Amino acid sequence: MRTKTWFTLALVCITTIVTVSLPSFSHAQSVPSDFSVTPQLGGLPLQKGAGYFALRSKDHTTYKLPLLVTNDSNQQLHVTTRLNNAVTSPNGTINYQDSSAQPRGKQSLTNKVIGKRTKHVTVAPHSNQVVTYQINSGNQGRGITLGGITATAPVGQTNHVQNDVTFVTGVSLNAQKNQPNLQQLRLTKVEVAPLATSATVVARISNNHPQLLQHLRGKITLEQGSKIISSKRLTNVNIAPNSRVKFDLPPKKVATGNYQVVVKLQGHGQNLNVHRNISIKQALN
């Protein structure tokens, strides 16, 4: 459950390359090899086969999460690490890199950190350092607590624009087995929302439970009576525990009137079919 992100930053993110093995992603690209981050998993009560901090955690127990930060370059490396909660990005990808994210309820990972969430280290050329986080599981209750530790370092410049590499190492507390239940999802809101160049219909789904939902598929449709006005298939949808996700329909010309938004999801041997009415008072172009 580690991620490497190589991106060039100016006023906006210009290029992004991600390698990852997290619950929600599976993608790989080549990245610089002179900076690496490796979780030190020895002695921890891990789930079978886990390559990240997937802890079989007990209540009111403190766990140390050490990361080996390696600099194989000829220059010192300034590394910033952060421990973040997992949230769900639009259309169903789990995001471990939002340092401001605070999921609902007391079971967010950041509420369990002992000490600072952000650390800064300087690693000398051709050397390494261990950065250690501590968390206390507290009273875990039921379900999964999910987050990640990011480690970011500059790796040079291209055309006077800074290049950074970010690794993400997953952290999950698993006091009990994950028990996905799609019927616990709620369609909380449908609305017309602006996109970059136009507006479209958006549905917001809440997962107000400590359940991790993975590899869902389905469809979102805008309907008027028996007629489907617009639709989009949903594939490989992943939803973090205690988080919200929004699904947007493709921009399309839609006249004013009364409609119904329908969201269907399948996965974990279950089906979900939810709908909500919407009144569009200004035509969409």
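Each value in this text was obtained by applying a stated rule to the coordinates, not by laboratory testing. Small disclaimer: the values here were computed from a predicted structure and weren't measured. Positions of Cβ are generated from backbone atoms using ideal geometry, with glycine treated the same way; all protein chains shown enter the neighbour counts.
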Expected sort for 118-128, 200-210, 214-224 on mean C-beta neighbours within 10 Å, highest first, is 200-210, 214-224, 118-128
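Determine the sum of side-chain charges near residue 134: Lys and Arg each +1, Asp and Glu each -1, restricted to other residues whose C-beta is under 11 angstrom from that of residue 134. Don't jump to the answer; show the numbers that get you there.
Numbers: positive: 64, 112, 116; negative: none.
Summing Lys and Arg as +1 and Asp and Glu as -1 gives +3.
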Dividing the surface of the Cα convex hull of the range 182-280 by four yields a projected area in nm² of 6.2
From the Cα centre of the range 167-235 to that of the range 260-279, the distance in Å is 9
Yeah, the chain with a ≥ b ≥ c from its alpha-carbon gyration tensor (a/c under 1.5 is rounded, else prolate when a/b outruns b/c, oblate otherwise) is oblate
The computed P(r) of the range 62-102 puts the percent of Cα pairs beyond 11 Å at 75
Residue 98 and residue 253 label points (each 7 Å along its Cα→Cβ direction) are spaced in nm at 3.5
So, with points 7 Å from each Cα along the Cβ direction, the residue 181-residue 117 label distance in nm works out to 2.9
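Might you report the magnitude of the Cβ-based charge dipole of the chain about its Cα centre, with Lys and Arg at +1 and Asp and Glu at -1, to the nearest 20 debye? Before the final figure, lay out each step's value.
Values: 30 positive and 8 negative charges, 223 e Å.
Value, rounded to 20: 1080 debye.
Suppose every Lys and Arg Cβ carries +1 and every Asp and Glu Cβ carries -1, with no other charges. What dipole size does the range 87-195 come out with about its Cα centre, to the nearest 20 debye? Don't jump to the answer; show the numbers that get you there.
Numbers: 10 positive and 3 negative charges, 109 e Å.
Here the range 87-195 has a charge dipole of around 520 debye.
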Once normalised by the length of the chain, the mean sequence separation of its alpha carbon contacts under 8 Å that are 6 or more apart gives a contact order in percent of 18
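Could you pull out the pairs from 48/219; 119/246; 232/253; 58/246; 48/177 whose alpha carbons sit more than 24 Å apart here? Please report the intermediate quantities before stating the final value.
Details: 48/219 34 Å; 119/246 32 Å; 232/253 15 Å; 58/246 33 Å; 48/177 13 Å.
48/219; 119/246; 58/246, as the Cα separations exceed 24 Å there.
Expressed in nm to one decimal, what extension gain is obtained for the pair residue 273 and residue 48 from 0.36 nm per residue of sequence separation less their Cα-Cα distance? The partial results should precede the final answer.
Working: separation 225, 0.36 × 225 = 81.00 nm, distance 3.40 nm.
Contour length minus the Cα-Cα distance gives 77.6 nm.
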Binned at 5 Å starting from 0, the alpha-carbon pair-distance distribution of the range 32-175 in whole percents comes out as 2, 10, 19, 21, 19, 14, 9, 5, 2, 1, 0
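Can you tell me the FRET efficiency between residue 227 and residue 199 if r is taken as the Cβ-Cβ distance and R0 is 25 Å, rounded to the nearest 0.05? Walk me through the numbers on the way to the answer.
On the way: r = 21 Å, r/R0 = 0.83.
Calculated transfer efficiency: 0.75.
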